[in-house]
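Computed from the coordinates by the stated procedures, all read-outs in this text should not be read as laboratory data. None of these values were measured; they are calculated from a predicted model. Don't worry about glycine lacking a Cβ; one is built from the backbone with ideal geometry, like all the others, and counts go over all protein chains shown.
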Amino acid sequence: MSPPATDLLGGAVKQSWRLFLDTYEPLRPELYRYCRHLTRSAWDAEDMAQESLARAFVSLGLLAEAPENPRAWLFRVASNLWINRTRKARELPTGFGFELREPVVEAEPRTTREAAGTLLAQLSPQERAAVVLKDAFGLSLAEVAEVLSTSSGAIKAALHRGRQKLVAPEPEASTAVAPAVLDAFCDAFNARDLERLTALLLESTTLEYPGFKLECGAEAVVNGSLRGTLFGCPDGDHAPPPTPRCEKRIHRGEAIFLWWSGAEVHAVVRVEVADERIARLWNYYHAPELLSEVCLELAVPFRTHGYLPHQS
């Protein structure tokens with residue numbers, strides 16, 4: 001009996017995705033950094049990088065020939081996504097954190113880093129993208145024009161306008177007041193109490209590993225990822241992990257979770273609360289650029305992992 005067509009299609013898509021990643025996954029750190037410059041948010045940058053890769057995968061299947069310059073083409077996909085999103089929102093971001101240096105390997109004060117890299121505060125989406133591509137990534141005028149689908153003259157004009165804009169530092173985020181449920185979640189997590197954890201979730205709670213996996217419903221979340229995190233893999237193929245620990249921290253005005261394994265943070269988890277219970281969790285275990293940025297800013301030891309489970 002031959003397998004269903006849906007199984008065959010799913011296998012073909014997975015094989016194509018793996019082939020796509022052979023070429024484009026090595027570009028992901030640069031893609032994240034580019035999206036980070038544009039969005040000013042680590043969370044938004046990770047989401048935008050994930051969506052850019054997904055769009056690039058779909059678009060590649062529609063092209064007659066593969067792009068000659070995968071890096072520039074991937075930047076084009078991300079740029080189009082950024083420009084369209086901003087235009088649809090009908091409002092410009094309030095500022096632009098522009099880091100000219102490569103990511104550091106040790107923590108440094110946030111104010112020092114951002115004071116050195118904050119500029120171009122009221123630019124149009126195309127102006128912002130042009131300046132990032134030229135000054136942060138070193139693309140030539142012709143390459144920037146190719147990425148943004150315009151002429152070198154238009155890029156030169158956009159760069160001139162952008163550099164005439166006033167420099168304005170990003171205001172510090174206000175201190176967040178974390179909901180009490182976050183402390184209760186940490187207590188239940190650290191006690192390995194699955195029953196208490198379940199009670200702190202909405203029935204419709206979701207836990208997402210962006211770009212990898214989504215669990216829907218409190219029962220699926222608790223008996224899936226949370227159980228695996230707390231007690232190790234059920235198949236017995238892995239040694240039990242060090243006793244995990246959940247810690248609440250404030251990062252840029254937002255309460256988040258750090259999930260420790262031994263002496264290192266292995267996951268940064270974003271949380272959404274509704275009706276005094278947890279409604280959504282985003283686990284950035286497989287997001288090394290975001291994990292590094294957040295942990296460096298919080299000055300905590302950490303370990304990064306690959307983008308997919310087999311890379312960990």
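Computed values, structure above
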read-out	value
Residue-by-residue Karplus 3J(HN,Hα) for region 14-27, coefficients 6.51, -1.76, 1.60, Hz, glycine and proline x	5, 5, 5, 4, 5, 5, 4, 5, 4, 8, 9, 5, x, 8
Environment charge of P125, counting only residues whose C-beta is closer than 9 Å and scoring Lys/Arg +1, Asp/Glu -1	+2
R87/T243 FRET efficiency (R0 41 Å; Cβ-Cβ; nearest 0.05)	0.25
Ranked by how many other beta carbons lie within 10 Å on average, peptides 190-197, 253-260 from highest	253-260, 190-197
Gain upon complete extension [R55, H160; 0.36 nm per residue less C-alpha separation]	34.7 nm
Computed lengthening from A12 to D44, 0.36 nm per intervening residue step minus Cα-Cα distance	8.5 nm
Alpha carbon convex hull of region 180-311, volume per residue in cubic angstrom	105 Å³
Distance (nanometres) between label positions extended 7 Å along Cα→Cβ at S152 and D275	6.1 nm
Proximal lysines to K134, defined as alpha-carbon separation beneath 18 angstrom and excluding residues fewer than eight positions away on the same chain	K156, K165
For H251, distant residues with modelled amide H under 5 Å away	I256
Pairwise label distance in nanometres, T23 with E264, each label 7 Å out on the Cα-Cβ vector	3.3 nm
